[in-house]
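Everything on this sheet refers to the single structure shown next.
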Number of protein chains: 2
Amino acid sequence: MSFLDDLKYDANGLITVVTVDAENGQVLMVAYMNREALTETLSTGFGTYYSRSRREMWRKGETSGHRQKVLELRLDCDLDCVLLRVEQLGGACHTGHYSCFYRKVEDGKLVFTA
Amino acid sequence: MSFLDDLKYDANGLITVVTVDAENGQVLMVAYMNREALTETLSTGFGTYYSRSRREMWRKGETSGHRQKVLELRLDCDLDCVLLRVEQLGGACHTGHYSCFYRKVEDGKLVFTA
């Protein structure tokens, strides 16, 4: 019996993951894991997700080199969300930005931000 | 035309929201908004979600008093996730904890943490 059995995966077998930079706590990205990706993340110590668009395991940084060394894995009260604290190599976002959250709403419009 | 038209809502009309404490950046909770909740959050300046379990608008803190004054609303690269920076009154979690992420995985087991 593992805590993995207690998690609330959605209808597609996925759980939401929020990944933050362990150095400063900033939110880098939100992605998804299935049980296999979660197991691999725990066993390898590197952020591994499930890509909903490509429908396959997504070893973050495998091609870009922007890997995530996992320092801590938390779960929320409902056991349906993971919080990963990572040491991020390079930018976390596929656009090249440090974080995926590089736009904010200002006066009802989306603007770029630091 | 509003940026709300560009967001990628899921099949249920929802978008994932990560809410962080503006004071220290810590992740407080993950919840969902539909377009109505997002509109209300922007117009009132207080965190308003859509409760998937109760299937209704969820004005965070309406009964508990643990409201969230929104200081910033960001969007991710894919436009399918919101990041809210809030001033959190009281605990964010319905269990009474400051954050919903009060458990971490240690040696393959879930343990309580600060």
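The values are calculated or read from the model by the stated rules, or taken from the named source; none is laboratory data. Only a predicted model underlies this, so the values are computations on that prediction, with no experimental measurement involved. Virtual Cβ from ideal backbone geometry, glycine too; neighbours counted across all protein chains shown. Heavy atoms of the whole protein, side chains included, go into the accessibility calculation; ligands, DNA and RNA do not. Shrake-Rupley method; radii C 1.70, N 1.55, O 1.52, S 1.80 Å.
Key figures
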quantity	calculated
Which listed residue is over 23 Å from A:Asp21 (Cα atoms) and open to solvent by 70 Å² or more (accessible area, probe 1.4 Å), from B:Arg59, B:Arg85	B:Arg59
Unique match (being assigned to a loop (DSSP other than H, G, I, E, B) and more than 9 Å from chain B (Cβ to nearest Cβ)) among A:Asn12, A:Asn24	A:Asn12
Segment B:79-111, subset of a type in the set (Ser, Thr, Tyr) and without any contact (Cβ under 8 Å) to a residue 40 or more places away in the chain, residue nearest to the other protein chains (Cβ to nearest Cβ)	B:Thr95
From A:Cys93, A:Cys100, residue being surrounded by fewer than 21 Cβ atoms within 10 Å (Cβ to Cβ) and either touching a helix residue (DSSP H, G or I) at 6+ places or on another chain (Cβ under 7 Å) or in a loop (DSSP other than H, G, I, E, B) (or both)	A:Cys93
Filter result for A:Tyr9 (in contact with a helix residue (DSSP H, G or I) (Cβ under 9 Å, 6 or more places away or on another chain), surrounded by 18 or more Cβ atoms within 10 Å (Cβ to Cβ) and of a type in the set (Ser, Thr, Tyr))	no
Evaluation of A:Asp76 against (1) under 11 Å from the mean Cα position of the chain (by Cα); (2) charged (D, E, K, R); (3) within 14 Å of chain B (Cβ to nearest Cβ) (one fails), failing number	(1)
Pairs where the first residue, in segment A:24-43, is of a type in the set (Asp, Glu) and the second is outside any helix (DSSP H, G or I) and open to solvent by less than 40 Å² (accessible area, probe 1.4 Å), C-beta under 7 Å, 6+ apart	A:Glu36/A:Met57; A:Glu40/A:Thr48
Breaking point among (1) modelled with pLDDT of 95 or more; (2) not in a strand (DSSP E or B), for B:Thr63	(1)
Residue match in segment A:42-64 (condition: out of contact with any strand residue (DSSP E or B) (no Cβ under 6 Å at 6 or more places or on another chain), under 20 Å from B:Glu106 (Cα atoms) and within 12 Å of chain B (Cβ to nearest Cβ))	yes
Residues that are surrounded by fewer than 23 Cβ atoms within 10 Å (Cβ to Cβ) and touching a Phe, Trp or Tyr at 6+ places or on another chain (Cβ under 6 Å), drawn from segment B:27-36	B:Tyr32, B:Asn34
